[in-house]
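Coordinate-derived values only; no laboratory data. Small disclaimer: the values here were computed from a predicted structure and weren't measured. Don't worry about glycine lacking a Cβ; one is built from the backbone with ideal geometry, like all the others, and counts go over all protein chains shown.
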Amino acid sequence: MAIINVIAMGIVMRNVRSMGMYTFASIFLMLIFIALSLAYILIGWSRYGTTIGKKIFGLYVVDDQTGRYPTMGKAFLRLVGYIVNGFTFYIGFLMIAFTADKRGLHDMIAKTHVIKR
């Protein structure tokens, strides 16, 4: 996504004629970048149970109760948990190493866990 954003910014910035146009283009592209990133993560978790990075390692996100891929709502809660982890200096990710069931704060919030296939 970052590569696509850099290419898009380069194309747009070559055609910018004013500071107002530059500001608008920057904000517009940033919002598109954020929307595409969120869609990639949320659709990946809820529809396929994984993203490319997790899939490389054979890891899948599943719902604690059903064992199926999480719903879009649970995927969103898991993403909120990632943000909370960021505010706590990533302690929520460190919890994975120290909990018996190897779950991080984001998994506890969304009631999900990661399995290896």
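Across segment 2-116, Cα pairs under 8 Å and at least six residues apart give a relative contact order of 22 percent. Between the helical axis of 19-43 and the longest alpha-carbon principal axis of the chain there is an angle of about 20 degrees. Compared with the dominant Cα axis of the chain, that is its longest principal axis, helix 2-14 is turned about 10°.
The count of lysine pairs in the chain with alpha-carbon distances below 17 Å, taking only pairs 8 or more places apart or on different chains, stands at 6. With each label modelled as a point 7 angstrom along the Cα→C-beta vector, the Ile3-Phe24 pair spans 3.1 nm. Geometric descriptor of the chain, per residue, is 119 Å³ (volume of the convex hull of the Cα atoms). Computed from Cα atoms, the angle from the helix 72-87 axis to the main principal axis of the chain rounds to 80 degrees.
Mind ranking 39-51, 11-23 by how tightly packed they are, going by the mean number of other C-beta atoms within 10 angstrom, highest first?
In decreasing order of mean packing, 39-51, 11-23 become 39-51, 11-23.
At full extension, Asp64 and Tyr40 could sit 6.4 nm farther apart than now, given 0.36 nm per residue minus the alpha carbon distance.
Taking every DSSP helix (H) stretch of at least 4 residues in the chain, weighting each as -39,500 (n - 2.57) and dividing the sum by the residue count yields a mean residue ellipticity at 222 nm of -19500 deg cm²/dmol.
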